[in-house]
1. For chain A, take the longest principal axis of its alpha carbons; what is the angle in degrees between that and the long axis of helix A:67-81, to the nearest 10 within 0 to 90?
2. What are the trypsin sites (Lys or Arg not before Pro) within segment A:82-188 that DSSP puts in a loop, where the Cβ has at most 12 other Cβ atoms within 10 Å?
3. Each residue of segment A:16-23 in order: what ³J(HN,Hα) in whole Hz does its phi give by Karplus 6.51 cos²θ - 1.76 cosθ + 1.60, θ = phi - 60°, with x for Gly and Pro?
4. If you rotate chain A onto chain B, whose Cβ in A ends up lying nearest the axis, and how many Å away is it?
5. Too long at a 23 Å Cα-Cα cut-off: which of B:K15/B:K174; A:K174/B:K174; A:K14/A:K61; B:K14/B:K61; A:K61/B:K61?
6. Taking the Cβ of each residue in B:S167, A:S133, A:S96 as the centre, tally the other Cβ atoms inside 10 Å and list the residues starting with the fewest.
7. Taking a label point 7 Å out from Cα toward Cβ, give me the nm distances from A:G179 to the same spot in the other copies, shortest first, one decimal.
8. Quick one: in chain A, what % of C-alpha pairs are over 21 Å apart?
Number of protein chains: 2
Amino acid sequence: MSTPDRSLPLRERKKQRVRRTLSDTALRLFLREGFQETTLERLVDEAEVSMRTFFRYFPSKEHVALAAEGELWEAFVADLCGREVHGTLLAVLRESMLDSIRDMGEDWERRFIATRGLAARTSVLRDFSELSSIRVQRQLVEVLEEKLGIDGREDVRLRLVGEFALSAWRCGAKNWVRGGRQYGKGRGGRAELIRRVAEAFDAIPASLTMTAPHREGDPEPDVITSA
Amino acid sequence: MSTPDRSLPLRERKKQRVRRTLSDTALRLFLREGFQETTLERLVDEAEVSMRTFFRYFPSKEHVALAAEGELWEAFVADLCGREVHGTLLAVLRESMLDSIRDMGEDWERRFIATRGLAARTSVLRDFSELSSIRVQRQLVEVLEEKLGIDGREDVRLRLVGEFALSAWRCGAKNWVRGGRQYGKGRGGRAELIRRVAEAFDAIPASLTMTAPHREGDPEPDVITSA
DNA sequence: AGGACAATGCCAGTTACTGGCACATCAGTT
DNA sequence: AACTGATGTGCCAGTAACTGGCATTGTCCT
C-alpha cells in the first residue's frame, strides 16, 4: 500500500495520498459491485472527499478505474523521451515499452492486474483502455517526430511504426489476461506480461505474410500475391 | 439527398427517412455550431422527432455524427464475410477494404467528407472514430477466425493482421484529410482516399525496418539489430 | 373493417460532469 | 506568532446525455 515519500513537502504527500485513496477505493468498489453499478457518489462517499475534488484528480470515472494503466503510459512516454535511438524504430519502441513495464514500482503490478481483470469484464473499460493506447500512440509519434526531425505526415512509415508498437501491446496484453486466468495464480505476473508483449512484437514480421491455412475442399491456392 | 427505395414496404422507407433526416440534420448543425455546442435537444427539435426516438435510431450523440463512417464499417465487415480468402491475409483485407470504399453509394462520399471534416476539429469525435476502428478490428478477427478455423488466441499473428489493416486505414485516412485540405476542392475525393489507404498498406513492410535518419553529430550507427 | 404488431411521443428519473465562490490549509516572511 | 499569498477543498446549483414505462398513433395483413 506504499506510503508517499517522506522527503516531499507535506502538501504533495497529502495529494498523493488522496489520489491513491481514490484509485484504490475505486478499484475495490468496482471489482466488488461492478463498474457501471457503482456510482461516483458512492465512491466519493467511501473515499471521503467531495465529488468536486474527485474531478480535480481524475477527469472521468474511467480514468480512475484504469489509473494503473495510465501510469504505465506516462512512464513509457517519459522513457522514450530520454532514450537514444539506434537501430530500427520498432526495436527501440519494443525495448522502451518492455523497460517501462519492468521499471514500474513494486505495488504497480498488483494494481495493474486488478485493473485488467476489471477491464476484462467491463466493455466500456475495454473500450477506454484501447482508446488510451491509441492516444499514447499519438504522443509516441510526436516524440519521435521531435527526436528525429521527421514529419509523420510526410513519411507514412512513422505513424505506422507507432501503430505497430501499440498493436503489439494490445495483442500481448490480451493474451496475458487470458493466460493468467487459465493457469491460475502464480502465472500472470509481470514477467509473463513482458513475455507476451515481446512475443507479439516478434510475431509482427511473420504476420505480414500470413496466409490462410489449406483446408480440405479448398481449391489449390494461387501464387502468393504481393502484400 | 437520395430517396429511399420505392420497392421497400412503407414502414421501412419511413424508418430510413427518419434515420437519414437525423444524421443529415446532425451533420448540418454540428458543422455549423460545433459538436459539443449543439445539444441533442436542439437536434431532435430540428429533426422533429422526440428524444426517445432519437435513441431508438442511434445509441449516442457520437454515433449520429459519424454515421457515414459506421456505414462503411458495416459494408466492410459484410464484404469480408462474403469473400474468398486467397493469398496473404493482409492482401485480402486490403482488397476488401478498398472495394468497400469503392462500393459505397454515390451520396456516401459527400457525407463522409463532411463527417471527417467534423471529426478533424472535434477531439471527442476523433477519439470515437478511432475507437470504432478498433471495434471493427475485433469483428474482423472474429470473421477470419470463423472462416479459417483459427483461434486468434492461439496464433498471435491473426490479431496482428487485423490490427495492421486498421492501422493502415487510420494512417491513410489521416493523410487524406490533410491532403484534401491542402489542395482545395476537387482533390480529397473518394479516389484520393483509396489511394491514401492503399499507400499506407503498401508502406507497411518498409516501416518495420525503418531506422532513424542519420543526422549530423550522431555517432556511427551499429549494424541493424533484429526487429 | 379490424386486430396484431411496430414505431413514436411524453414524462419523470438517473448520473456523470462543471462553474463559481467561500473556506481551510500550508509555506515563507517578518 | 501573526500575516500573506498560494494552493487545495467543500458546497450548491446547474446542464445534458441517456433510460424505463406506458399510452398513442400508424402500418400491415386478412
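1. The answer is roughly 60 degrees.
2. Within segment A:82-188, the qualifying trypsin sites (Lys or Arg not before Pro) (loop, at most 12 other Cβ atoms within 10 Å) are A:R121, A:K185.
3. 4, 5, 4, 4, 5, 4, 4, 6
4. With distances in whole Å, chain A gives A:L131, 3.
5. Beyond 23 Å between Cα atoms: B:K15/B:K174; A:K174/B:K174.
6. A:S133, A:S96, B:S167
7. Result, one decimal in nm: 4.0.
8. 63
Read-outs throughout are calculated quantities, based only on the coordinates presented, and are distinct from any laboratory measurement. Predicted, not measured: the structure shown is a model, and the values here were computed from it. Positions of Cβ are backbone-derived with ideal geometry, glycine not excepted, and every protein chain shown enters the neighbour counts.
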